[in-house]
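J.: My structure is below; once you've seen it, I'll send some questions.
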Amino acid sequence: MRKYKMTNLNEPIKQNQVILTAFTTDNDENAVNNTTQDNSPNHYQTNTSNQINLKKFVLKRIPILQWLPKYNKQFALCDLVAGITIGLTVIPQGIAYSNVVGLPAQIGLYSSFMACFVYVIFGSCKVSPIGPTAIATILTRENLNGLGLDGAVLLCFLSGCIELLMGILQLGFLIDFISGPVSTGFTSAAAIIIATSQIKDLLGIRISSGKFIEVWKAVFNQISETNIYDAILGVSCILTILTCRKLKDIKIGPKDISQQKLIHSITKKSLWFLYISINIILVFLTSLMAYIFEKNDMKPFTLTGPVASGLPSLSVPNFSTTINNNQTLNFFEMSSKLGTGLIVVPLISILENIALAKVFSEGQPVDATQEMLALGLCNIASSFVSSIPVTGGLARGAVNYACEVKTTFGGIYTGVLVILSLIVLTPYFEFIPKPTLAALIVSAVIFMVELHVFKPIWKTKKIDLIPAVATFLTCLFVSLELGILVGILINVVFLLYASARPKILIKKLSTKLGNEYVFITPDRTLSFPSIEYVRSIVVKAGRKEENKPVVVDAKHIHAADFTTAKVFKSLLDDFSKRNQPIFFINIKPSVLHTLEGVKPQNLVCFDTIDEARDVIDKHNVQDFIKY
């Protein structure tokens, strides 16, 4: 069916009817008739439909209701193994991340259990283990500005509120403004900053500053004060962890699985268990070693120190705090000190969690809105137990995936294990050497440095290196939140430039009779940033070939605005003054309707290029529509 009719100039034209014709078919008429019939009173059908919609909504927003009725023993066993494994991983990591933020060791454990329980109910990604992560932790530290624990907990609460609000308003599209190169630059810089923050504990020296340049200046100035025992222990732990990462790649037995024996299977599983458990094994062995030294009045290592035992009290986050010589800050003053962290922390947390979900989705679509809702509820609930901001950790997600976790119920076992450690094991946590915890963090973040990605970016699209490098350098030498904002801003500028400068294909073609014409094809929708540029290109092409008609193919123009219509009218006037024909083909009814609003003169439209060629050959356009 043709988009609109071609009629004689003298025939009266009902413009609205022309536009409507483009959208009315026999099927549409049936749909209209059916709609009219459906409007008849039928309360039973309406109520049933509402109940079905409500049920779908509830099942979609509370995912546990979907998989819980299908839960079986096999799922339970896989979730049990995965949950305990993640618990053994998150306990030492939680303590280590507390050290990154500069908070008491137990805070990392407080941050590792409440979100697990909440995510079981509302989470849609089975492999996502919610808890403290390296990036969320370093962002928290960067934005506390002296507010201490009260500020960290408030940041957790407000981040949860913002994430929940973004989910309710379905603002997941905002994540799309953080491009791959920007994400690479940010993640790499964050990993280097996190590793740098652990140098003091690896070397056993005291450094008060957390800034990248200042830390390395202090390291070189105090290198003579290095605790040789801390350095040896820390480096040994890093080498051990990196070695164990390779164990999972060792090929055991024949390539043909049918020819492998029981010993091969046991060996592979043993190496895999060693790989995923190396963190807790190192913490246990080095703590035992430190305990033995302590009992013999020897203190070669810097230890974590006393860790508060028991569970945290359930309480509302503090909306006021006291800092620096009894200076009291209210809620608004605390929020002001948190600054851009109130936007950057939840935004990056969502990005990290959704990225994790996509990596292990196995081709299934990721419900970004549900993940934002779940993450918001996790952070809000966690803030009531003195937690720092939490999100899904990619490294722990990989462990979950390797354990073949079946549902989010694995989080229950992780949360219970963390709670048991708080109740039973905290007296022994004080013997954990700080170099061991520093080694765990460095070994975890070293693989987050994605400098290897810069080479493919160079080979594919070199201009993408600009936001990547700008983000990386700004994050590294200024601040993480400013770095991510700089990267987003550069990307937005690129988008605006692309919108303002569409590509325009210009060809000189001939009809069957050999009459030449200029054929112009814009590659996208025209709007106010680009229309003047397009107009200048079309006018320039027309003046260059003043004795030839111009044909503009509008197949890629799906929409137009008022500015476009006005400039479009002036374009037609310009060609009319020079008595140079300009024709349009494949123009869409919606675009035509917008252009009609300014009543352009001499607008000649065709359905196909063949019709335009025929007119060029006949040198007669009077038999076609003119507005």
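The values are calculated or read from the model by the stated rules, or taken from the named source; none is laboratory data. Keep in mind that what you see is a predicted model, and the values were worked out from it rather than measured. Note that we place each Cβ from the backbone using ideal geometry, even for glycine, and neighbour counts take in every protein chain shown. Quick note on the areas: whole protein, heavy atoms, side chains included, nothing else; ligands and nucleic acids left out. Shrake-Rupley method; radii C 1.70, N 1.55, O 1.52, S 1.80 Å.
J.: List, in order, the whole-Hz ³J(HN,Hα) value for each residue of the stretch 492-505 obtained from phi through the Karplus relation with A = 6.51, B = -1.76, C = 1.60 and θ = phi - 60°; use x for Gly and Pro.
T.: Per-residue couplings from phi come out as 5, 4, 4, 5, 5, 5, 5, 5, 7, 10, x, 7, 10, 8 Hz.
J.: Give me the percent of Cα-Cα pairs in the stretch 333-389 that sit more than 20 Å apart, rounded to a whole number.
T.: 35 percent
J.: Report, by chain and number, residues whose modeled amide H sits under 5 Å from the one on residue 604, excluding near sequence neighbours (fewer than 5 apart, same chain).
T.: For residue 604, the qualifying residues are 584.
J.: Could you give the angle, 0 to 90 degrees to the nearest 10, between helix 148-168's Cα long axis and the longest principal axis of the Cα atoms of the chain?
T.: 30 degrees
J.: Next question. Assigning unit charges at the beta carbon (Lys, Arg +1; Asp, Glu -1) and nothing else, what dipole magnitude in debye, to the nearest 20, does the chain show about its Cα centre?
T.: With only Lys, Arg, Asp and Glu charged at Cβ, the dipole is about 1220 debye.
J.: When ranked by the protection proxy of mean other Cβ atoms within 10 Å per residue, highest first, what sequence do the peptides 491-497, 251-257 form?
T.: 491-497, 251-257
J.: In addition: Based on the alpha-carbon gyration tensor of the stretch 464-579, what equivalent-ellipsoid semi-axes (square roots of 5 times the eigenvalues) come out, in whole Å, largest first?
T.: 40, 15, 11
J.: How large is the accessible surface per residue of the chain, computed with a 1.4 Å probe and reported in Å² as a whole number?
T.: Heavy-atom accessible area per residue stands at 51 Å².
J.: If you don't mind, there's one more thing I want to ask. Starting from the Cα of residue 617, step 7 Å along the direction of its Cβ; do the same at residue 359; then give the gap between the two resulting points in nm.
T.: Output for this residue pair reads 6.2 nm.
J.: Which pairs in the list 540/566; 508/599; 461/503; 540/569; 200/251; 55/406 are over 27 Å apart, alpha-carbon to alpha-carbon?
T.: 508/599; 200/251
J.: Once phi is turned into θ = phi - 60°, what whole-Hz ³J(HN,Hα) does the Karplus curve with 6.51, -1.76 and 1.60 give for every residue of the stretch 593-607, x standing for Gly and Pro?
T.: Result, rounded to whole Hz: 4, 5, 5, 5, x, 9, 6, x, 9, 6, 8, 10, 10, 10, 6.
J.: Mind ordering 287-294, 196-203 by average Cβ neighbours within 10 Å, highest first?
T.: Numbers: 287-294: 16.2, 196-203: 22.9.
Output ranking for 287-294, 196-203: 196-203, 287-294.
J.: Treat every Asp and Glu Cβ in the stretch 230-338 as -1 and every Lys and Arg Cβ as +1, leave all other atoms uncharged, and give the resulting dipole magnitude about the Cα centre to the nearest 20 debye.
T.: On the way: 11 positive and 6 negative charges, 145 e Å.
Value, rounded to 20: 700 debye.
J.: Taking all protein chains in place and a 1.4 Å probe, what share, in percent, of the accessible surface of the chain do carbon and sulfur account for?
T.: Within the chain, the accessible surface is 61 percent carbon and sulfur.
J.: Now a separate question. Ordered by packing density, taken as the mean number of other Cβ atoms within 10 Å over each peptide's residues, highest first, how do 586-599, 368-381, 65-78 rank?
T.: Going from most to least packed, we get 368-381, 586-599, 65-78.
J.: OK, next. For the stretch 225-242, just list the computed ³J(HN,Hα) in residue order, Karplus coefficients 6.51, -1.76 and 1.60, θ = phi - 60°, integers in Hz, with x standing in for Gly and Pro.
T.: Result, ordered by residue: 8, 4, 7, 4, 6, 4, 4, 5, 5, x, 5, 4, 5, 4, 5, 5, 5, 5 Hz.
J.: Explain nothing, just the number: dipole magnitude of the stretch 352-416 about its Cα centre with +1 on each Lys and Arg Cβ and -1 on each Asp and Glu Cβ, in debye rounded to the nearest 20.
T.: 120 debye
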